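One structure is given here, and the rest of the page talks about it.
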Amino acid sequence: MEKRKTCICQFCNVTFVPKKRTWQKYCSRICADKQWHKDHPDYHRKWQKENKSKVAVYSKDRTEKSRLQVRKCHAKKRQLVDSVRIHYGCQNPDCPVDRKRIPVYAIDFHHIGEKKFNISIFRHHRFDAIISEINRCICLCNICHRMAHKGDLDVSKIPLCRLDENGDVIL
């Protein structure tokens with residue numbers, strides 16, 4: 001078996017075995033990029049000055065696209081959470097409030113077992129994480145939710161919400 005030549009990275013001084021070329025200067029692409037930026041500190045600033053109009057149009061277009069994407073994603077998550085609230089309503093059979101008169105925003109998710117995050121604050125969580133969190137909850141109106149936390153409501157007999165991986169309710 002042939003022994004390969006070792007080299008020393010010119011940026012971080014680490015000994016490495018080159019993958020392709022025996023005359024390789026850097027241990028990784030990261031070190032090569034860092035060295036280039038060290039050697040050319042004003043390159044990006046100079047390019048941005050020369051191409052101000054391109055940068056302005058690009059960043060405005062990119063910002064607007066990302067805003068639209070975020071709004072679309074948040075709307076999808078909001079629709080999931082609201083559809084679960086509408087489908088299940090208050091699951092307490094002895095609820096003091098008329099079920100038909102409970103608005104969507106008055107339905108809370110009561111966690112059974114470990115709570116990883118608050119479902120109502122869903123913006124920073126993945127879609128599948130929201131679904132798995134909903135699967136550990138029951139839906140209660142805000143009055144029954146307070147009763148459950150106080151200990152006046154036995155939640156052990158109430159079935160959990162059940163969603164599949166697409167966010168559809170399992171009957």
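Determine, from the Cβ-Cβ distance of Asp33 and Lys116 and an R0 of 25 Å, the FRET efficiency 1/(1 + (r/R0)^6), rounded to the nearest 0.05.
So the FRET efficiency works out to roughly 0.10.
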task = For the stretch 80-104 and the stretch 110-171, compute the distance between their C-alpha centroids and round to whole Å.
result = 13
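Provide the gained length on full extension for the span Asp42 to Arg162, in nm with one decimal, where the gain is 0.36 nm per separating residue minus the Cα-Cα distance. Intermediate results must be reported in sequence, preceding the final value.
Values: separation 120, 0.36 × 120 = 43.20 nm, distance 5.62 nm.
Full extension of this stretch gives 37.6 nm more.
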query = When the chain is fully extended, how far beyond the present Cα-Cα distance does Leu171 get from Lys76, taking 0.36 nm per residue of separation?
reply = 32.1 nm
query = Which of the lysines could a cross-linker bridge to Lys38, judged by Cα under 16 Å and excluding same-chain residues fewer than eight apart?
reply = Lys25, Lys46
key: Two-site FRET efficiency, Arg123 against Ser83, from Cβ-Cβ distance with R₀ of 25 Å, rounded to 0.05   = 0.90
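At 0.36 nm per residue, and after removing the present C-alpha to C-alpha distance, how many nm does the segment from Ser53 to Val17 gain when stretched out fully? Before the final figure, lay out the partial values.
Working: separation 36, 0.36 × 36 = 12.96 nm, distance 4.47 nm.
Answer, rounded to one decimal: 8.5 nm.
Work out the length of the dipole vector of the chain about its Cα centre, built from +1 on the beta-carbon of each Lys and Arg and -1 on the beta-carbon of each Asp and Glu, and round it to the nearest 20 debye. Could you put the intermediate results ahead of the total?
On the way: 37 positive and 19 negative charges, 284 e Å.
I would put it at about 1360 debye.
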request  = Output the relative contact order of the chain, whole-number percent, from Cα pairs under 8 angstrom with separation of 6+ residues.
outcome  = 15
task = Note the listed values (1) 50, 34, 14; (2) 56, 25, 13; (3) 32, 21, 15, then indicate which one is semi-axes √(5λ) of the Cα gyration tensor in Å calculated from this particular structure.
result = (2)
inquiry  = For the chain, what does the helix formula give at 222 nm: sum of -39500 (n - 2.57) over DSSP H segments with n ≥ 4, over the residue count, nearest 500 deg cm²/dmol?
reply    = -14000 deg cm²/dmol
note = Of the residues His87, Cys141, Trp36, the Cα lying farthest along the dipole of the chain towards its positive end, which is defined by charges on the beta carbon of Lys, Arg, Asp and Glu, belongs to Trp36
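Since every read-out is calculated from the coordinates, none of them should be taken as a lab result. Since this is a predicted model, take the numbers as computed values, not measurements. Every residue, glycine as well, gets a Cβ built from its backbone with ideal geometry; the counts of neighbours run over all protein chains shown.
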